[in-house]
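The values are calculated or read from the model by the stated rules, or taken from the named source; none is laboratory data. Computed from a prediction, not measured in an experiment: that's the story for all the values here. Positions of Cβ are backbone-derived with ideal geometry, glycine not excepted, and every protein chain shown enters the neighbour counts. The protein model used for the area step is the full one, side chains on, heavy atoms only, and it has no ligands, DNA or RNA in it. Shrake-Rupley method; radii C 1.70, N 1.55, O 1.52, S 1.80 Å.
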Amino acid sequence: MAKPGPWTRGPVLTVAALLLGLLLALHSEITDRGGLGSLVETFLPWFGLFVPLLLAGALWRRSAAAVVALLLPVSAWLALFGGVFSDRSRPGGDLTLVSHNVGAENADPAGTARDLTAAGADLLALQEMTPRAADVYARELATAYPYHSVQGTVGLWSKLPLSDSRAVDVLRGDVGPLAKTRRSEDRPMEPPRALRATVTTERGPLAVYVVHLGSVRLMPRGGFWTDSRDAGAVALTKAVAAEPNERVVVLGDMNGTTDDRVFDGLTSRLRSVQESAGRGFGFSWPASFPVARIDQILVGGLAPKSSWVLPDTGSDHLPVAARVGW
């Protein structure tokens with residue numbers, strides 16, 4: 001019997017390559033039941049790793065069909081992420097922004113504060129602060145930042161005057177690492193996890209939001225649980241949509257990437273500085289081996305100039321930084 005030709009070998013590899021390409025190209029059409037769509041979009045760039053694996057299999061099987069089929073996932077991945085490896089930064093800028101989830105279990109908040117001060121940010125946003133750690137940050141950052149506001153577990157430190165600071169309700173449910181640090185009988189209500197403040201600049205008022213959206217959970221029976229995060233994203237989007245100031249900055253731990261469909265309403269109004277002026281993916285979590293950028297700096301009415309990730313500070317997140325101009 002004649003051996004299969006190169007166009008008939010490896011049918012499983014061919015089908016797998018086509019399915020991978022469809023997943024990348026049509027990821028927004030995947031159902032979000034059980035958080036499946038959100039889970040896929042959180043780690044979407046990593047699906048590109050299947051391409052060399054499938055290519056190796058195709059070459060080993062000498063399957064021309066599988067090699068040709070791989071053109072679909074390669075094209076789809078490059079269309080989504082091909083530009084991330086170029087340096088999109090531009091010189092200049094008027095404000096340096098830093099955002100950091102400092103970690104509720106951070107054993108050295110004073111050291112973290114010193115590391116962040118060295119970054120020289122004009123605006124420094126912190127998330128997941130315990131009450132005791134918030135006092136440490138206030139003390140350690142006082143010299144470099146004469147203005148600050150803390151609402152619950154988030155805070156904003158500024159070299160420019162602050163006003164009109166208030167909490168923003170983005171949390172549904174008592175979830176996340178900080179739930180372990182408080183006693184329900186003392187604090188029956190979850191502390192705020194977002195704030196909005198006005199920064200006075202030489203070019204007029206700047207609205208700044210510091211946000212820590214609800215946690216997500218991967219559960220064997222419940223799937224990828226994102227209810228709290230999603231509800232917070234909707235609330236944040238509504239707040240930004242109603243914002244009267246032309247210039248807006250959102251800094252914080254979103255517990256999701258900008259590829260996630262739940263942020264479509266927000267990213268249609270604001271630009272990710274990393275995507276506009278960064279290099280690479282800018283992964284920020286987990287700090288020990290970053291696989292996703294869930295810490296975001298989004299701006300509206302400002303020009304993104306550059307974006308980068310700062311070194312480990314002892315938290316399970318890496319700080320993210322950006323430079324923006326008027």
With springs only between Cα atoms under 10 Å, which of PRO192, PRO290, PRO91 fluctuates most in a Gaussian network model of the chain?
PRO91
Using Cα springs under 10 Å in a Gaussian network model of the chain, which residue among LEU141, LEU53, LEU19 shows the largest mean-square fluctuation?
LEU53
Name the long-range amide H neighbours of ALA119: under 5 Å, sequence gap of 5 or more, or other chain; modelled H, no Pro or chain starts.
none
How big is the accessible area of ASP264 in square angstrom, nearest 10, if you roll a 1.4 angstrom probe over the protein chains?
80 Å²
Which angle between 0 and 90 degrees, to the nearest 10, do you get for helix 11-25 versus the longest principal axis of the chain when only C-alpha atoms count?
30 degrees
With +1 assigned to the C-beta of every Lys and Arg and -1 to the C-beta of every Asp and Glu, and no other charges, what is the dipole magnitude of the chain about the Cα centre in debye, to the nearest 20?
860 debye
Between helix 71-81 and the chain: long-axis angle, C-alpha atoms, 0 to 90°, nearest 10:
10 degrees
With Cα springs under 10 Å, the Gaussian network model of the chain assigns the largest mean-square fluctuation among TRP225, TRP285, TRP60 to TRP60
Express in Å², to the nearest 10, the accessible area of LYS238 obtained by rolling a 1.4 Å probe over the protein heavy atoms while all chains stay in place.
140 Å²
Given the -39500 (n - 2.57) contribution per DSSP H run of 4+ residues, what per-residue ellipticity at 222 nm results for the chain, rounded to the nearest 500 deg cm²/dmol?
-8500 deg cm²/dmol
Going toward the positive end of the dipole of the chain, with +1 on Lys and Arg Cβ and -1 on Asp and Glu Cβ, which of TYR145, PRO161, SER38 do you reach last?
SER38
Could you tell me which of LEU302, SER272, ALA292 has its Cα farthest along the dipole of the range 238-326 towards the positive end, charges placed at Cβ (Lys, Arg +1; Asp, Glu -1), taken about the Cα centre?
LEU302
Given a Förster distance of 22 Å, the FRET efficiency implied by the Cβ-Cβ spacing of LEU78 and LEU19, rounded to the nearest 0.05, works out to 0.75
Helix 227-241 versus the longest principal axis of the chain: what angle, 0 to 90°, nearest 10, using Cα atoms?
60 degrees
If you take Cα extents along the principal axes in Å from the coordinates, which of [x] 82, 50, 37; [y] 57, 44, 36; [z] 70, 58, 51 do you get?
[x]
Roughly speaking, what is the stretch gain from GLU243 to TRP326, that is 0.36 nm per residue apart minus the C-alpha to C-alpha distance, in nm to one decimal?
28.0 nm
Normalised by the residues of the range 72-165, what does the relative contact order come to in percent, with Cα pairs under 8 Å and at least six apart?
24 percent
Counting only C-alpha contacts under 8 Å and six or more residues apart, can you give the relative contact order of the chain as a whole percent?
19 percent
